[in-house]
Amino acid sequence: MGIKKTIIRKIEKINHKFSKKLIIKNKRIIITGSNSGIGLELTKKIISTNSVISTVNKKKNEVDKIKNENLKILEEDFQNENLTENFCYEIEKFKPNIIINCAAIFGPEKQSLENLHISEFKKILNINFFSPLKLVQLSLNGNQLEQIVNISSEMGSITLNNMGGYYYYRLSKTLLNSFSKNLSNDIKSKNINIFCVHPGSVKTKMNSAGVISADQSAQKIINIINENDRNLSGKFIDINKKILEW
Ligand SMILES: NC(=O)c1ccc[n+]([C@@H]2O[C@H](COP(=O)([O-])OP(=O)(O)OC[C@H]3O[C@@H](n4cnc5c(N)ncnc54)[C@H](OP(=O)(O)O)[C@@H]3O)[C@@H](O)[C@H]2O)c1
């Protein structure tokens with residue numbers, strides 16, 4: 001690791017030690033992508049004070065270790081075009097107050113235009129865009145939603161993109177951003193807060209070179225959710241609440 005990254009990592013660790021650690025209480029919360037990385041840390045942090053549905057792909061070994069009566073684990077492969085009937089039923093029945101769309105895939109290493117295959121792209125869009133969208137649809141049916149938190153990425157920003165490449169991942173996150181902005185207008189009158197968050201450069205399965213830990217990122221996301229700042233609705237932010245350009 002470069003010296004600059006090491007210094008940033010150390011500073012972030014110290015900041016984390018002394019930073020505020022807010023908690024969320026008495027909410028029904030759905031977190032996707034809960035068996036690893038940010039989704040797993042979010043689940044661990046909120047489980048004792050909330051009722052939680054954690055969704056996982058095929059593996060649930062890590063989230064299974066949490067063992068808490070507040071936790072229900074649902075297995076669903078978001079790569080499929082349609083969510084299963086049972087999964088939809090469970091989500092609607094749960095009537096969530098908060099949904100955190102965290103599950104995503106980066107896709108293959110080679111993502112230049114020459115390597116782009118529509119069939120592969122569709123699978124990635126199912127995971128990174130269509131499944132989050134469907135989850136929001138189902139959650140809205142419960143009429144109890146207060147916040148929709150879409151974990152996005154700076155890589156989905158059109159304005160900040162001066163590098164090119166990474167078509168699958170970038171475009172899927174751009175769609176998620178656009179969906180979030182559009183929906184924010186439609187649900188204004190329902191008092192539902194919706195925003196996209198770039199979680200930082202986080203050391204996880206997806207990003208082995210990440211600078212901060214999933215624990216650090218998850219705590220900051222929880223702080224933001226705890227505040228439920230209506231001024232953030234329809235916005236794209238980082239974990240320090242800095243507004244990012246779409
Ligand atoms: N890490 C970073 O630096 C970074 C930066 C910007 C944005 N993000 C975003 O942060 C979020 C969390 O990522 P992470 O860093 O925590 O990575 P991660 O550990 O790889 O988490 C992604 C999760 O998504 C799940 N997932 C993938 N394919 C799925 C499928 N077909 N069906 C259901 N679930 C599926 C994975 O489960 P399986 O592994 O079991 O399939 C995994 O638990 C993502 O939205 C990512 O785009 C991360």
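Of the residues Arg170, Arg230, which single one is basic (Lys, Arg) and touching a helix residue (DSSP H, G or I) at 6+ places or on another chain (Cβ under 6 Å)? Don't jump to the end; show me each part of the working.
Numbers: Arg230 fails: touching a helix residue (DSSP H, G or I) at 6+ places or on another chain (Cβ under 6 Å).
Criteria check complete, one pass: Arg170.
Could you please find all residues in the range 74-117 being part of a helix (DSSP H, G or I) and in contact with an Asp or Glu (Cβ under 6 Å, 6 or more places away or on another chain)? Explain how you work it out, then say what you get.
Quick first cut of the range 74-117, residues part of a helix (DSSP H, G or I) only: 85-94, 113-115.
Hit for the range 74-117 is Phe87, nothing else.
When you go through Asn101, Asn150, Asn141 one by one, which is the residue that is among the polar types (S, T, N, Q) and surrounded by fewer than 21 Cβ atoms within 10 Å (Cβ to Cβ)?
On the way: Asn101 fails: surrounded by fewer than 21 Cβ atoms within 10 Å (Cβ to Cβ); Asn150 fails: surrounded by fewer than 21 Cβ atoms within 10 Å (Cβ to Cβ).
Testing whether each residue is among the polar types (S, T, N, Q) and surrounded by fewer than 21 Cβ atoms within 10 Å (Cβ to Cβ) leaves just Asn141.
Please enumerate the residues belonging to the range 15-49 that are of a type in the set (D, E, K, R) and within 16 Å of the ligand (Cβ to nearest atom).
The initial filter retains those residues of the range 15-49 that are of a type in the set (D, E, K, R), namely 17, 20-21, 25, 27-28, 41, 44-45.
Matches in the range 15-49: Glu41, Lys44, Lys45.
Sort through Ile53, Ile7 and tell me the only one that's of a type outside the set (Gly, Ala, Ser) and under 30 Å from Glu120 (Cβ atoms). Please lay out each step first, then the result.
On the way: Ile7 fails: under 30 Å from Glu120 (Cβ atoms).
Just one listed residue meets the conditions, Ile53.
Could you tell me which numbered condition Asn240 fails, if it satisfies all but one of (1) more than 13 Å from the ligand (Cβ to nearest atom); (2) farther than 21 Å from His16 by Cα; (3) outside any helix (DSSP H, G or I); (4) of a type outside the set (Lys, Arg)?
The failed condition is (2).
Residues that are of a type outside the set (D, E, K, R), over 25 Å from Asn97 (Cβ atoms) and away from the ligand (no atom under 11 Å from the Cβ): list the helices (runs of 4 or more DSSP H) wholly contained in the range 118-207 that include at least 1 such residues. Steps first, answer last, please.
On the way: elements: 118-125, 131-141, 167-186.
Answer list for the range 118-207: 118-125, 167-186.
Is there a residue in the range 131-152 that is within 20 Å of Gly37 (Cα to Cα) and touching a Lys or Arg at 6+ places or on another chain (Cβ under 8 Å)?
Scanning the range 131-152 turns up at least one residue that is within 20 Å of Gly37 (Cα to Cα) and touching a Lys or Arg at 6+ places or on another chain (Cβ under 8 Å).
From the list Lys25, Lys21, which one is modelled with pLDDT under 95, within 25 Å of Asn228 (Cα to Cα) and assigned to a loop (DSSP other than H, G, I, E, B)?
Values: Lys25 fails: modelled with pLDDT under 95.
Criteria check complete, one pass: Lys21.
Criterion first (under 18 Å from the mean Cα position of the chain (by Cα), of a type in the set (A, V, I, L, M, F, W, C) and within 12 Å of the ligand (Cβ to nearest atom)) does Val52 satisfy it? So that I can check it myself, show each step before the final result.
Values: under 18 Å from the mean Cα position of the chain (by Cα): yes; of a type in the set (A, V, I, L, M, F, W, C): yes; within 12 Å of the ligand (Cβ to nearest atom): no.
No.
The values are calculated or read from the model by the stated rules, or taken from the named source; none is laboratory data. The structure presented is a predicted model; accordingly, all values stated were derived computationally and were not measured. Heads up, the Cβs are rebuilt from the backbone with ideal geometry, glycines too, and the neighbour counts pull from every protein chain shown.
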